[in-house]
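Encoded as structure tokens, the structure appears first; notes follow it.
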Amino acid sequence: MKTEQRLGVNIDHVATLRNARGGAYPDPVRAALLAEKAGADGITAHLREDRRHIRDADIDALMDALTTPLNFEMAATAEMQAIALRHKPHAVCIVPERREERTTEGGLEVAKDQNKMADFIAPLADAGCRVSLFVAPDEAQLEASKRVGAAVVELHTGAYCDFHADGDFDARDAELERLTRGAAFAHDLGLEVHAGHGLTFDNVAPIAALPAVKELNIGHFLIGESVFMGMEAAIKEMRQLMKDARS
Ligand code: PXP
């Protein structure tokens, strides 16, 4: 039996729905509290530079209300670093961000600019945040993540999920092999390994089964599925699938 795996629920898209009408509901904080009740081990929220979903006031309210750790996702900018240092969330996950993208499309280029990333991470780590870098399962990026002082890497599962959805199973299996090797490699470097992006009931099992992966962060599918089966049921079902995959 592998160790228990944590589930972080990303509530960004409750805010997307709220912002579509410009009002106060649905409230992402209410969703976060319900997610906790349903068994989420933590809540993830991405404060994007353009504030397209989560806003600054949501982060303030989440910090006040949550009883589980907040994983604060952000780009490596001075503005976001200052916000993180003000709140000191349990974890900070640094992601690449481009204004024109619909969602976080690729992993961070940690290897390219290591001194800059090390300088960016140091004050966050000194403030007690567990710093995570969202990267592709690539050895150079993982080694660089360790060198710049990250405690955690989150492996980008988006390509694996896209190949699965497209029915390109050879490409999916090759990507799963990369993720499997990357997770073990990162673990051997002494990094804690997380994974996420694009995970659904249908594709989660092989990722949940990876022994080195200690946490999955899942958002868009769970929020969407909540429309049909309710958030509590959706989270419970995801947890069960993760547990089954590891037993
Ligand atoms: N992990 C990271 C670092 C992300 O940027 C995202 C998307 O915001 C997720 C996990 C969750 O992805 P999804 O919403 O597709 O489940």
The base-10 log of I(q)/I(0) that the Debye equation returns for the chain at q = 0.08, 0.13 Å⁻¹, one scatterer per C-alpha, is -0.27, -0.76
Rounded to one decimal in nm, the spacing of the 7 Å Cα→Cβ label points at HIS220 and ASP244 is 2.4 nm
Counting sequence-distant residues (5 or more places) and residues on other chains, those with an amide H built under 5 Å from that of VAL92 are PHE72, ARG130, VAL131, SER132
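Order by neighbour count: VAL152, VAL9, fewest other Cβ atoms within 10 Å first, most last. Present the calculation step by step, with values, prior to reporting the outcome.
Numbers: VAL152 21, VAL9 29.
Listing VAL152, VAL9 from fewest to most nearby Cβ atoms yields VAL152, VAL9.
Could you sort 10-18, 238-246 so that the peptide with the highest average Cβ count within 10 Å comes first and the rest follow in order? It would help to have the intermediate numbers written out before the result.
Numbers: 10-18: 22.3, 238-246: 17.3.
Those peptides, ordered most packed to least, come out 10-18, 238-246.
In the stretch 41-94, which trypsin sites (Lys or Arg not before Pro) fall in coil by DSSP and have 13 or fewer other Cβ atoms within 10 Å? Can you show the working numbers first?
Working: sites: ARG48, ARG51, ARG52, ARG55, ARG86; in loops: ARG48, ARG51, ARG52, ARG55.
Sparse-neighbourhood loop trypsin sites (Lys or Arg not before Pro): ARG51.
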Any GluC sites (Glu not before Pro) in the stretch 1-93 that lie in a DSSP loop and have at most 14 other Cβ atoms within 10 Å would be GLU4, GLU49
In order over the stretch 117-127: 3J(HN,Hα) from phi, Karplus 6.51/-1.76/1.60, θ = phi - 60°, whole Hz, x for each Gly or Pro, gives 5, 4, 5, 6, 6, 3, x, 5, 5, 4, 7
Here the relative contact order (percent) of the chain, from C-alpha pairs under 8 Å and at least 6 apart, is 21 percent
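Only the coordinates and a few stated rules stand behind these numbers; no lab work does. Predicted, not measured: the structure shown is a model, and the values here were computed from it. All Cβ positions, glycine included, derive from the backbone under ideal geometry; neighbour counts span all protein chains shown.
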